[in-house]
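Shown next, in structure tokens, is the structure this report addresses.
The values are calculated or read from the model by the stated rules, or taken from the named source; none is laboratory data. Predicted model only: the values in this text are computed from it and were never measured. Quick reminder, even Gly has a Cβ in these numbers, built from the backbone with ideal geometry, and neighbours come from all protein chains shown.
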Amino acid sequence: MATLLVFSNYFHPVTDVDAALTDLGLIVGATAAGFLLAAVLTPIVTRRVGIRGWMLGTLIGSAILQVLPGAIYQRWSLVAAAFGLGVLAQSIKICTDTVVHAHVDDDFKGRTFVFYDMIFNLTLVVAAYLTAVIMPPDGRSVPVMIGLAGCYLIIAVVFAVVSGRIGSEAMNRGQAHETGHTPVC
């Protein structure tokens, strides 16, 4: 939502819809390229640092990208942030799917996917609502970007604590607990 506001109300006049759509297309393309890179990068990284380590890295990396380059509010910085956040968001999705596949009993797997997809979709709706309430009309707010970075860091800490308590060697090394196989993210 903030990206839509920035490109339609800050970089371009409201009347220049074509230019705003062209820039938004660039953002979508950069995010999609990030998703593709995540598909290649995630298995390589998780073999080295484990699923838990990569998930923590993606959360911390997302916090950094929200501020640098995300809060610079230049076209190049937003494209770079979109690419980086595309890599990190898709990586965490791949890891989450891998953990569910490896650790949830088949009888509950479908319901588990439905549950966390519902949570994901609910967070998108809540985020859109909060953006509409919090963001200025031009979509630029460094304090909001810093706040988002803080949220990522809080989630990283909670994840580190909770996943550390679980203490599963399977999660730390990317191995399924009962089956002994190594899931590839």
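Across segment 67-96, the qualifying residues are those that are aromatic (Phe, Trp, Tyr) and in contact (Cβ under 8 Å) with a residue 12 or more places away in the chain, and the one among them that is surrounded by the fewest Cβ atoms within 10 Å (Cβ to Cβ) is Tyr73.
Quick one: which residue in Leu59, Leu41, Leu24 is in contact (Cβ under 8 Å) with a residue 24 or more places away in the chain and surrounded by fewer than 20 Cβ atoms within 10 Å (Cβ to Cβ)?
Values: Leu59 fails: surrounded by fewer than 20 Cβ atoms within 10 Å (Cβ to Cβ); Leu24 fails: in contact (Cβ under 8 Å) with a residue 24 or more places away in the chain.
Residue meeting the stated conditions: Leu41.
For segment 51-77, a residue qualifies if it is over 12 Å from the mean Cα position of the chain (by Cα) and more than 15 Å from Ala149 (Cα to Cα), and the qualifying residues are Ile51, Arg52, Gly53, Trp54, Tyr73, Gln74, Arg75, Trp76, Ser77. When Leu36 is tested against the conditions (1) surrounded by 19 or more Cβ atoms within 10 Å (Cβ to Cβ); (2) at pLDDT 90 or above; (3) of a type in the set (A, V, I, L, M), the lone failure is (1).
Have a look at Val100, Val125 and point out the one that is more than 15 Å from the chain's Cα centre (by Cα), at pLDDT below 90 and of a type outside the set (Ser, Thr, Tyr).
Working: Val125 fails: at pLDDT below 90.
The unique qualifying residue is Val100.
Among the residues of segment 150-159, those that are aliphatic (A, V, I, L, M) and farther than 12 Å from Thr58 by Cα comprise Ile154, Val157, Val158. Checking the stated criteria, Arg48 turns out not to satisfy the condition of being more than 11 Å from the chain's Cα centre (by Cα), buried (at least 21 other Cβ atoms within 10 Å of the Cβ), assigned to a helix (DSSP H, G or I) and of a type in the set (D, E, K, R). For segment 97-135, filtering for residues that are outside any helix (DSSP H, G or I) and touching a residue at least 12 places away in the same chain (Cβ under 8 Å) leaves 1.
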